[in-house]
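Student: Please see the structure below; I have some questions.
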Amino acid sequence: MIIRIAKASELKEVQELNLKLFKKEHEEYDQTLRLDWTFGKEATKYLKDRISQGSVWVAVIDKQIIGYLCGGITKAEKYRNLQKVGEIENFFVLKDYRSKGAGKKLYQEFIKWCKKNKLHKIKVEATAQNKAGIKFYRNNGFKDHTLVLEGDI
């Protein structure tokens, strides 16, 4: 397995994995997700920008991208003594390759990038029902910080 920064020519492959992430989340947790978003104008620009900034990593086995992590730098909340934090924005590994080290290696590359960018905190949002994802983050040092609740009206 090779972990590396995504190439501009791999945009469509990253988008396809992002769509798989959206479909999984839509089916299992959140029917409000727009499945047409991934290949739309806004998402295409967003992913293209992240790839050009060098903040999308891919896991490759036998020339096939089997997972990706897209991260970035975001402003910290104004009420905190932080200027900026690293954020895992979206992260997906194909089902057949989960629990085999791909996610951990992608995450480690993101951490290296955050350190290079002099970041001292990282954050991620995960759907509350995504027990496997939350377990992964907690196993990698994340602690609960805030809780966002939603209700239907």
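Student: Please state which one of ILE51, ILE66, ILE73 is under 18 Å from ILE88 (Cα atoms) and part of a helix (DSSP H, G or I).
Tutor: Result: ILE51 is the single residue among ILE51, ILE66, ILE73 that is under 18 Å from ILE88 (Cα atoms) and part of a helix (DSSP H, G or I).
Student: Which of the numbered conditions does TYR79 fail, given that it passes all the others? Conditions: (1) among the hydroxyl-bearing types (Ser, Thr, Tyr); (2) under 22 Å from GLU28 (Cβ atoms); (3) part of a loop (DSSP other than H, G, I, E, B).
Tutor: The number of the failed condition is (2).
Student: For segment 11-57, enumerate the residues that are surrounded by 18 or more Cβ atoms within 10 Å (Cβ to Cβ) and acidic (Asp, Glu).
Tutor: GLU25, the sole residue that qualifies.
Student: For residues that are touching a strand residue (DSSP E or B) at 6+ places or on another chain (Cβ under 6 Å) and not basic (Lys, Arg), scanning just segment 105-116, find the one that is nearest to ARG80 (Cα to Cα).
Tutor: CYS114
Student: Keeping to segment 82-109, report how many residues are among the polar types (S, T, N, Q), under 20 Å from MET1 (Cα atoms) and part of a loop (DSSP other than H, G, I, E, B).
Tutor: Residues flagged as among the polar types (S, T, N, Q), under 20 Å from MET1 (Cα atoms) and part of a loop (DSSP other than H, G, I, E, B) within segment 82-109 amount to 1.
Student: Still on this structure, I have one more. In segment 54-63, what residues are small (Gly, Ala, Ser) and in a loop (DSSP other than H, G, I, E, B)?
Tutor: The answer is GLY54, SER55.
Student: If I ask for residues that are of a type outside the set (Val, Ile, Thr) and surrounded by fewer than 18 Cβ atoms within 10 Å (Cβ to Cβ), which ones from segment 73-87 would you list?
Tutor: LYS75, ALA76, GLU77, LYS78, TYR79, ARG80, ASN81, LEU82, GLN83, LYS84
Student: Look through GLU10, GLU16 and report the one residue that is of a type outside the set (S, T, N, Q) and either at pLDDT below 95 or over 15 Å from the mean Cα position of the chain (by Cα) (or both).
Tutor: On the way: GLU16 fails: either at pLDDT below 95 or over 15 Å from the mean Cα position of the chain (by Cα) (or both).
Of the residues listed, the single one that is of a type outside the set (S, T, N, Q) and either at pLDDT below 95 or over 15 Å from the mean Cα position of the chain (by Cα) (or both) is GLU10.
Student: Determine whether LYS131 is basic (Lys, Arg), under 21 Å from LEU33 (Cα atoms) and surrounded by fewer than 16 Cβ atoms within 10 Å (Cβ to Cβ).
Tutor: Values: basic (Lys, Arg): yes; under 21 Å from LEU33 (Cα atoms): yes; surrounded by fewer than 16 Cβ atoms within 10 Å (Cβ to Cβ): yes.
Answer is yes for this residue.
Student: In addition: Kindly provide the set of residues from segment 123-145 that are part of a loop (DSSP other than H, G, I, E, B) and more than 23 Å from TRP113 (Cβ to Cβ), ordered by number.
Tutor: Passing the criteria: THR127, ALA128, GLN129, ASN130, ASP144.
The values are calculated or read from the model by the stated rules, or taken from the named source; none is laboratory data. Please read all numbers here as calculations on a predicted model, not as lab measurements. Because the Cβ atoms are built from the backbone with ideal geometry, glycine has one as well, and the counts that use them run over all protein chains shown.
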